[in-house]
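Here the structure comes first, spelled out in structure tokens, and everything after it is commentary.
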Amino acid sequence: MPASPIRYYDRRNQTLKTELIYGEPWLRFIYENPAGRFLLWLLVRRAIFSRIYGWRMNQRASGRFILPFIVRYYIDVDDFTKSALTFRTFNEFFTRAVKPGRRPIAEGDHVAALPADGRHLVFPDVDAAEGFYVKGEKFSLAELLGDAALAEKFAGGAMVISRLAPVDYHRFHFPCGGVPDDARLINGWLYSVNPIALRRNVRHLVQNKRYLTLLESPVFGTVAMVEVGATAVGRIMQTYVPDRAVTKGEEKGIFSFGGSCVITLFQAGRIAFYGDLVEQSAQGIETYAPMGDWLGEAPA
């Protein structure tokens with residue numbers, strides 16, 4: 001039986017597209033083949049595998065992968081702050097910054113912005129959602145946050161899952177202004193967060209290594225940001241300064257090589273997501289949009 005493609009909605013031109021998946025044959029073997037799943041359990045989910053892969057992508061020899069990758073996945077070189085030929089390693093290219101103005105931030109004090117480039121699913125009421133990625137398949141907020149008392153604070157709240165593929169810009173940003181606390185590490189495995197893996201087990205998102213930050217916003221209340229690591233993501237680097245006020249769209253951190261994910265939680269009644277995100281997500285379809293694009297508004 002042919003493998004089902006991964007489809008997403010492109011907000012920019014309002015069309016459905018099929019995702020070009022980096023390492024798709026390998027992913028399908030690992031998550032859809034019994035022998036591959038044994039290898040996943042034995043080695044691939046473990047930190048040592050990702051550390052070795054990350055080390056390889058930090059070597060000068062990895063630079064030869066950059067130009068073929070750009071061509072294969074149609075990456076816009078006009079985003080880059082320097083020539084593609086000047087990156088010394090693949091990970092240096094992967095963690096690149098973008099030129100000022102290439103990611104306009106949604107305007108308005110009562111407007112929240114998407115925290116990362118990627119494919120986004122929104123759930124206006126996380127408790128009422130029928131499932132994440134697959135109908136009937138969910139995880140609890142207590143599992144995600146590693147704190148049952150904190151989870152109660154977000155009961156009935158809204159959630160955004162922003163999935164970054166290896167082809168995306170891999171820095172993540174604050175969705176609104178406020179004061180963030182220090183990022184808390186929640187240790188775990190390093191499963192893939194590609195839909196090939198998540199459609200088999202969405203609980204990978206609460207089993208993986210992740211960082212939790214609480215952002216106190218004068219407009220949106222307490223906002224939780226959870227950066228989720230994944231296979232081949234050697235490091236999640238936090239670049240912000242805790243307990244210092246940040247502005248909407250300000251950089252929060254960087255994912256090193258690999259696919260990854262940012263989950264953003266809002267308290268009940270504090271945000272209304274924009275209609276196209278809600279409409280596509282209700283059908284189980286991710287919406288592609290860049291960091292800084294419109295996410296939702298605080299109700300009057």
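Just so it is clear, none of the values below were taken in a lab; they were calculated from the coordinates. Not measured: the values here are computed from a predicted model. Neighbour counts are summed over all protein chains in view; Cβ atoms, including those assigned to glycine, are modelled from backbone coordinates with ideal geometry.
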Seminar exercise, completed: Label model pair Glu216, Phe29: point-to-point distance (7 angstrom along the Cα→beta-carbon line) in nm is 5.1
Problem set entry | Loop-located chymotrypsin sites (Phe, Trp or Tyr not before Pro) in segment 16-109, at most 11 other Cβ atoms within 10 Å (DSSP) | Tyr74
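For Leu67 and Thr81, calculate 0.36 nm times their separation in residues minus their Cα-Cα distance, and state this gained length in nm to one decimal.
3.5 nm
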Exercise. Which ³J(HN,Hα) values, rounded to whole Hz and listed in residue order, are derived for segment 71-81 from phi using the Karplus coefficients 6.51, -1.76 and 1.60 in 6.51 cos²θ - 1.76 cosθ + 1.60 with θ = phi - 60°, glycine and proline given as x?
Worked result: 5, 4, 10, 6, 7, 6, 5, 5, 6, 5, 7
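Go ahead and run the numbers for FRET between Glu107 and Arg56, Cβ-Cβ distance against an R0 of 41 Å, rounding to 0.05.
Numbers: r = 42 Å, r/R0 = 1.02.
Result of the calculation: an efficiency of 0.45.
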Exercise. What's the exposure ranking of Phe154, Phe172, going from fewest to most Cβ atoms within 10 Å?
Worked result: Phe154, Phe172
Exercise. Straight-line reach from Lys82: which lysines have a Cα under 18 Å away, not including same-chain ones fewer than 8 places off?
Worked result: Lys99
Problem set entry | For the chain, Kirkwood radius (reciprocal of mean inverse C-alpha pair distance, Å) | 19.4
Exercise. If you take the charge dipole of the chain about its Cα centre, with +1 on Lys and Arg Cβ and -1 on Asp and Glu Cβ, which of Gly54, Tyr191, Tyr73 is farthest toward its positive end?
Worked result: Gly54
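Using a cut-off of 11 Å between beta-carbons, work out the net charge of the residues near Asn187 (Lys and Arg +1, Asp and Glu -1, Asn187 not included). Spell out each step's value before the answer.
On the way: positive: Arg184, Lys209, Arg210; negative: none.
That sum, taken over residues with Cβ under 11 Å, equals +3.
Report Rg(Cα)/(2.2 N^0.38 Å) for segment 157-300, keeping two decimals. Provide the component values of the computation, followed by the final result.
Working: Rg = 14.6 Å, N = 144, 2.2 N^0.38 = 14.5 Å.
My calculation over the Cα atoms of segment 157-300 gives 1.01.
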For this session: Work out, step by step, the length gained on full extension between Arg184 and Ala149: first 0.36 nm times the residue separation, then minus their alpha carbon distance; give nm to one decimal.
Result: 11.1 nm
Exercise. Taking the Cα atoms of segment 95-181, what is the range of coordinates along each of the three principal axes, in descending order and whole Å?
Worked result: 40, 29, 22
Exercise. Among the lysines, which fall within straight-line cross-link reach of Lys153, defined as a Cα-Cα distance under 27 Å, with same-chain neighbours fewer than 8 residues apart omitted?
Worked result: Lys135, Lys138, Lys209, Lys248, Lys252
Seminar exercise, completed: If each K or R counts +1 and each D or E counts -1, the residues other than Ser256 whose Cβ falls under 14 Å of its Cβ total +3
Exercise. How far apart, in nm, are the 7 Å Cα→Cβ label points at Leu39 and Arg244?
Worked result: 4.5
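Only counting other Cβ atoms within 10 Å, I'd like Glu152, Glu137 sorted with the fewest neighbours first. Could the numbers behind the result be given before it?
On the way: Glu152 10, Glu137 15.
Exposure proxy ranking, most exposed first: Glu152, Glu137.
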